[in-house]
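Below is one structure; the comments refer to it alone.
Just so you know, all these numbers are worked out from the coordinates, no wet-lab data involved. Being a predicted model, the structure only gives us computed values, none of them experimental. Backbone-built Cβ (ideal geometry, glycine too); neighbour counts: all protein chains shown.
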Amino acid sequence: MNNSALLAGVGVGAALAYVFDPDRGARRRALVRDKAVRGARLSRRALDATMCDVSNRARGLAAAVRTGRGLVDDIKLTERIRAKLGRVCSHPRAIDVIAQNGQVTLRGPIMASEVDDVMSTVAGVAGVDSVINELDPHETAAGIPSLQGEGRTAESSFDLLQRNWAPATRALVSVGALAAAGAAAMAYARR
């Protein structure tokens, strides 16, 4: 006789006896039903949040593609650059950004170790044709008031490494984990 079939039969029998017990079976069945209803409700909410997140990401991507073409207003270009500076520079307020028809001039004190990152980041902003470097690099912040204080850069992190995942990422990870578990079970069953 096959041992796995015997164990499966014992497991099914125990589960049926547990669920259809005359004394407490009704309560157990009600608990299972309530958990199934709650699981369906939570799944529906998660799916709605995921669809909303995916929709917003798609719209953002489409907007990024659309705005990448053509001339950009100088004020809008300055604001785009300012938004990027906070990710690569510890004291972004110390830098003056002047944009004129796609030509960007950067002025002000900066830590010497950040100059290359700032220049490459600004050059990569949509709408920037050229960057003029008039930055004043300093090895230390000593004696430079605008570089004083603990500056910090807001690092952009990969979505999977964040503490709170976006709903779309959670859904993708869940589906990927289920697919990996299924593949592992199939591989184990084929042995």
By how many degrees, between 0 and 90 and to the nearest 10, does the Cα long axis of helix 25-67 differ from the longest principal axis of the chain?
20
Could you give the angle, 0 to 90 degrees to the nearest 10, between helix 3-19's Cα long axis and the longest principal axis of the Cα atoms of the chain?
90
For Asp136, Asp23, Asp48, which order do you get if you count the other beta carbons within 10 Å of each Cβ and list the fewest first?
Asp23, Asp48, Asp136
With Cβ to Cβ distances under 14 Å as the rule, what net charge do the other residues near Leu42 carry (K, R +1; D, E -1)?
+4
Which net charge results when you count Lys and Arg as +1 and Asp and Glu as -1 among the other residues whose beta-carbon is under 12 Å from that of Pro109?
-3
Along Cα→Cβ, 7 Å out, is where each label goes; now give me the distance between the ones at Asp136 and Val32 in nm to one decimal.
7.6
With angles folded into 0 to 90 degrees, how steeply does helix 167-190 sit against the dominant principal axis of the chain? Use alpha carbons for both and round to 10.
50
Which of rounded, prolate, oblate describes the stretch 1-67, given a ≥ b ≥ c as roots of the alpha-carbon gyration tensor eigenvalues and a/c under 1.5 marking rounded, otherwise prolate only if a/b is larger than b/c?
oblate
Where both partners of a DSSP beta bridge lie in the chain, what percent of those bridges are antiparallel, to the nearest 5?
35
At 0.36 nm per residue, and after removing the present C-alpha to C-alpha distance, how many nm does the segment from Leu172 to Ser120 gain when stretched out fully?
15.5 nm
